[in-house]
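The values are calculated or read from the model by the stated rules, or taken from the named source; none is laboratory data. Here the structure is a predicted model, which means the values were calculated and not measured. Reconstructed Cβ throughout: ideal geometry from the backbone, glycine too, with neighbour counts over all protein chains shown. Please note that ligands, DNA and RNA were not included when accessible areas were found on the heavy atoms of the full protein model with its side chains. Shrake-Rupley method; radii C 1.70, N 1.55, O 1.52, S 1.80 Å.
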Amino acid sequence: MVMQAATLGRNGVQDFILLRCSAVILAAYAIFVVGFFVLTPELTYQSVTSFFAHLGTKVFSLIALIAFLAHAWIGLWQVLTDYVKPAGLRGTLQFLLNVVIFAYVGTGIFVLWGI
């Protein structure tokens with residue numbers, strides 16, 4: 001039995017559904033944040049800080065960060081397996097880019113819950 005370690009035991013249908021769900025979450029979050037900026041009559045540091053300090057916004061932002069992690073992880077794996085054929089180069093690129101993704105998510109969580 002051949003198993004691919006990069007997929008963590010998932011199959012293509014699960015990846016497809018996870019990508020679509022994460023995309024919907026990210027789109028909803030983008031609409032939410034853009035809506036705040038468009039509908040707020042006067043943007044000040046205080047208004048933006050209080051918006052992101054609200055527990056609901058923090059939770060939604062955390063969900064969006066996790067959706068970003070899943071979306072980027074699967075998307076990078078798909079792109080790299082399609083376009084980078086040498087296994088060593090693909091593994092190295094996948095490792096480095098996943099480290100960057102985790103750094104982004106970690107920084108986002110640190111900034112988000114530091115407000």
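One line per residue, one yes/no per condition, for (1) of a type in the set (Asp, Glu); (2) under 24 Å from ARG20 (Cα atoms):
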{"site": "ALA64", "(1), (2)": "no, yes"}
{"site": "ALA70", "(1), (2)": "no, yes"}
{"site": "ASP82", "(1), (2)": "yes, yes"}
{"site": "GLY88", "(1), (2)": "no, no"}
{"site": "TYR104", "(1), (2)": "no, yes"}
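Across region 84-104, what is the total count of residues that are open to solvent by less than 60 Å² (accessible area, probe 1.4 Å) and not in a helix (DSSP H, G or I)?
Residues meeting the conditions: 1.
At negative phi and surrounded by fewer than 15 Cβ atoms within 10 Å (Cβ to Cβ): is that true of ALA27 in this structure? Talk me through it step by step, then tell me what you get.
Values: at negative phi: yes; surrounded by fewer than 15 Cβ atoms within 10 Å (Cβ to Cβ): yes.
Taking the combined requirement at face value, the residue satisfies it.
When the residues of region 41-54 are filtered to those that are under 15 Å from ALA64 (Cβ atoms) and assigned to a helix (DSSP H, G or I), which remaining residue is least open to solvent (accessible area, probe 1.4 Å)?
Of all residues in region 41-54, those under 15 Å from ALA64 (Cβ atoms) come to 51-52, 54.
Subset that is assigned to a helix (DSSP H, G or I): 51-52.
Details: PHE51: 27, PHE52: 44 Å².
Among residues in region 41-54 that are under 15 Å from ALA64 (Cβ atoms) and assigned to a helix (DSSP H, G or I), the one least open to solvent (accessible area, probe 1.4 Å) is PHE51.
Can you find a residue in region 60-78 that is at pLDDT 95 or above, of a type in the set (Val, Ile, Thr), under 25 Å from VAL99 (Cβ atoms) and open to solvent by 40 Å² or more (accessible area, probe 1.4 Å)?
Yes, region 60-78 has at least one match.
Okay, residues lined up against (1) touching a residue at least 60 places away in the same chain (Cβ under 8 Å); (2) among the acidic types (Asp, Glu); (3) surrounded by 11 or more Cβ atoms within 10 Å (Cβ to Cβ):
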{"position": "ILE17", "(1), (2), (3)": "no, no, yes"}
{"position": "ALA23", "(1), (2), (3)": "no, no, yes"}
{"position": "LEU39", "(1), (2), (3)": "no, no, no"}
{"position": "THR57", "(1), (2), (3)": "no, no, yes"}
{"position": "ASP82", "(1), (2), (3)": "no, yes, no"}
{"position": "GLY106", "(1), (2), (3)": "no, no, yes"}
